[in-house]
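Engineer: Have a look at this one before I ask anything.
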Amino acid sequence: MQITTPRPTRGPASIAQGVYGAAGNLELIVADAVDGLWVHWFNADPLGTQPVSGVEPGQWSGGMLFAEGTAYESAVIHQSRRGPDYLEVIAVRADGGAESWYWSPGPGFQRRDGMLPGSGAAVLSEHERGFLLQLGERVFAASARDYPALPWHEVTPTDADPGTLRIAVSTRDGGMLELAYRRDGALHHDAVPLA
């Protein structure tokens, strides 16, 4: 099924199962080729049910543009279990760095202050205490204690060989971020307590 965006896009799209709708819509985000980000949603309600916001069950929305005024390389979307069904977005800028956004019912997309250093593919995940972000060769963690505020801090190990860093969350010692990587060819493991 082709997803039609009113303007050309670039970079990889990111897709996540959302909680909206009777069956949990799909949420998709992609960078506009020139300016801003497009978000689309797929009406996953059963065929034959009423359209929602003009979108028939089994169809994609026409897209909504936001974050205008900035060029992006890519973005990743995540359905959070926090807030009243908030969506999380990390948007990688074309001029370097990444922005942290969230969507909530009512105000829509809101950008958090600050920039995350780095570039490349973004992988965003959530755990009991907060969020993890791998942005290219860098890793960031944020406590969700005061959500929707996310105080991102970098936990990237120093001098990891490029392309070798892998992360996981464990339950040991109350919750740890486990980092496995190579440094000068030797295998290393670091653990960072989850805030």
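The values are calculated or read from the model by the stated rules, or taken from the named source; none is laboratory data. No experiment lies behind these values; they were computed from the predicted model shown. Ideal geometry is used to build each Cβ from the backbone, glycine not excepted, and the neighbour counts take in all protein chains shown. Calculation scope for accessible area: heavy atoms of the full protein, side chains included, ligands and nucleic acids excluded. Shrake-Rupley method; radii C 1.70, N 1.55, O 1.52, S 1.80 Å.
Engineer: Of all residues in the stretch 157-169, which are under 12 Å from residue 132 (Cβ atoms) and among the small types (Gly, Ala, Ser)?
Structural biologist: 168
Engineer: For the structure I just gave you, tell me whether residue 47 is among the aliphatic types (A, V, I, L, M) and either assigned to a strand (DSSP E or B) or at positive phi (or both).
Structural biologist: no
Engineer: Given the residues 79, 17, which is the only one that is of a type in the set (S, T, N, Q), closer than 23 Å to residue 127 by Cβ and open to solvent by 50 Å² or more (accessible area, probe 1.4 Å)?
Structural biologist: 17
Engineer: Only one of (1) within 18 Å of the chain's Cα centre (by Cα); (2) without any contact (Cβ under 8 Å) to a residue 40 or more places away in the chain; (3) farther than 20 Å from residue 104 by Cβ is not met by residue 41, so which one is it?
Structural biologist: Tallying (1) within 18 Å of the chain's Cα centre (by Cα); (2) without any contact (Cβ under 8 Å) to a residue 40 or more places away in the chain; (3) farther than 20 Å from residue 104 by Cβ, residue 41 fails exactly one: (3).
Engineer: Working only within the stretch 98-135, note down all residues that are buried (at least 19 other Cβ atoms within 10 Å of the Cβ), polar (S, T, N, Q) and closer than 24 Å to residue 174 by Cα.
Structural biologist: 134
Engineer: Would you confirm whether any residue within the stretch 136-148 is in contact (Cβ under 8 Å) with a residue 12 or more places away in the chain, exposed (fewer than 15 other Cβ atoms within 10 Å of the Cβ) and touching a strand residue (DSSP E or B) at 6+ places or on another chain (Cβ under 9 Å)?
Structural biologist: Within the stretch 136-148, one or more residues are in contact (Cβ under 8 Å) with a residue 12 or more places away in the chain, exposed (fewer than 15 other Cβ atoms within 10 Å of the Cβ) and touching a strand residue (DSSP E or B) at 6+ places or on another chain (Cβ under 9 Å).
Engineer: Follow-up question, since we're still on this one. Suppose we keep only residues that are in contact with a Ser or Thr (Cβ under 6 Å, 6 or more places away or on another chain) and of a type in the set (A, V, I, L, M) within the stretch 172-195. Which one would you say is most open to solvent (accessible area, probe 1.4 Å)?
Structural biologist: 195
Engineer: Which residues, taken from the stretch 160-195, are over 17 Å from residue 122 (Cα atoms) and assigned to a loop (DSSP other than H, G, I, E, B)?
Structural biologist: Those that are over 17 Å from residue 122 (Cα atoms) and assigned to a loop (DSSP other than H, G, I, E, B): 160, 161, 171, 175, 184, 185, 194, 195.
Engineer: Of all the residues that make up the stretch 104-150, how many are of a type outside the set (D, E, K, R) and not in a strand (DSSP E or B)?
Structural biologist: 17
Engineer: Kindly provide the set of residues from the stretch 52-73 that are among the charged types (D, E, K, R) and either crowded, with 18+ Cβ neighbours inside 10 Å or touching a residue at least 40 places away in the same chain (Cβ under 8 Å) (or both), ordered by number.
Structural biologist: 73
Engineer: Report yes if some residue within the stretch 152-171 is under 30 Å from residue 33 (Cα atoms), in contact with a Ser or Thr (Cβ under 8 Å, 6 or more places away or on another chain) and either open to solvent by 20 Å² or more (accessible area, probe 1.4 Å) or among the basic types (Lys, Arg) (or both); otherwise report no.
Structural biologist: Checked against the condition, which is being under 30 Å from residue 33 (Cα atoms), in contact with a Ser or Thr (Cβ under 8 Å, 6 or more places away or on another chain) and either open to solvent by 20 Å² or more (accessible area, probe 1.4 Å) or among the basic types (Lys, Arg) (or both), the stretch 152-171 yields at least one hit.
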